[in-house]
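Report on one structure; see the data block that follows.
The values are calculated or read from the model by the stated rules, or taken from the named source; none is laboratory data. Because the structure is a prediction, the values reported are computed rather than measured. Glycine also receives a Cβ, built like all others from the backbone with ideal geometry; neighbour counts cover every protein chain displayed.
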């Protein structure tokens, strides 16, 4: 009888160890996957900052006029949005102290997005299409983008500017990457 109980106890002990190993493996793989996506999002932000600066430099050195520079930036943005492929909301702000262009792409539906160039909030009305905002009286010194009731502020520097916001939900958490505002 005791021999039979000993074998049953060994069976339950081995089963418990196997179950614990399976649970730990699943949790480890899940955590690793989430961290990998998060790192990729930060890498995209860093990469976009570098590439956008190169595109702006090219436009400036090539002495493109305002319309040509806008077309160049729109082409760059559309190529970049195609490149990132994953479900993200991305918003791009480019221009100078006279005129700001805003282009947004939403794959995850959020509340309205608002733009404020110092004259009150205006909704970003059409996603995937560039919208221009000009100051009525003074130069634009700051742009505020409000997404899901959170404000992102960017100070405009002399010359041409390029800013971005990348918004993604990973594992039920919101992750936002913005360009550096120096």
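Report yes if residue 82 is assigned to a helix (DSSP H, G or I) and without any contact (Cβ under 8 Å) to a residue 60 or more places away in the chain, otherwise no. So residue 82 passes the test. Residue count for the stretch 151-179, restricted to those that are more than 14 Å from the chain's Cα centre (by Cα), without any contact (Cβ under 8 Å) to a residue 24 or more places away in the chain and assigned to a strand (DSSP E or B): 1. Applying the criterion of being in a loop (DSSP other than H, G, I, E, B) and surrounded by 12 or more Cβ atoms within 10 Å (Cβ to Cβ) to the residues of the stretch 113-124, the residue that is nearest to the chain's Cα centre (by Cα) is 124.
Do we have any residue at all in the stretch 91-99 that's farther than 16 Å from residue 144 by Cβ, assigned to a loop (DSSP other than H, G, I, E, B) and either at pLDDT 85 or above or within 14 Å of the chain's Cα centre (by Cα) (or both)? It would help to see each step written out before you state the result.
Step one: of the stretch 91-99, the residues farther than 16 Å from residue 144 by Cβ are 96, 98-99.
Then keep just the ones that are assigned to a loop (DSSP other than H, G, I, E, B); that gives 96, 98.
Adding the requirement that they be either at pLDDT 85 or above or within 14 Å of the chain's Cα centre (by Cα) (or both) leaves 96, 98.
Yes, the stretch 91-99 has at least one match.
Within the stretch 1-14, the set of residues being assigned to a helix (DSSP H, G or I) and either touching a helix residue (DSSP H, G or I) at 6+ places or on another chain (Cβ under 6 Å) or modelled with pLDDT under 80 (or both) comprises 2, 3, 4, 5, 6, 7, 8, 9, 10, 11, 12, 13.
When residue 57 is tested against (1) surrounded by 12 or more Cβ atoms within 10 Å (Cβ to Cβ); (2) modelled with pLDDT of 80 or more, just one condition goes unmet, and that condition is (1).
For the stretch 58-76, the condition holds for no residue, the condition being that it is in contact (Cβ under 8 Å) with a residue 40 or more places away in the chain and part of a strand (DSSP E or B).
Take the conditions in contact with a helix residue (DSSP H, G or I) (Cβ under 6 Å, 6 or more places away or on another chain), free of Cβ contacts under 8 Å to residues at least 60 places away in the same chain, closer than 19 Å to residue 179 by Cβ and not in a helix (DSSP H, G or I) and apply them to residue 103. Does it pass? Spelling it out, residue 103 is indeed in contact with a helix residue (DSSP H, G or I) (Cβ under 6 Å, 6 or more places away or on another chain), free of Cβ contacts under 8 Å to residues at least 60 places away in the same chain, closer than 19 Å to residue 179 by Cβ and not in a helix (DSSP H, G or I).
Against the criterion of being in a loop (DSSP other than H, G, I, E, B), out of contact with any strand residue (DSSP E or B) (no Cβ under 8 Å at 6 or more places or on another chain) and under 23 Å from residue 79 (Cα atoms), residue 137 does not qualify.
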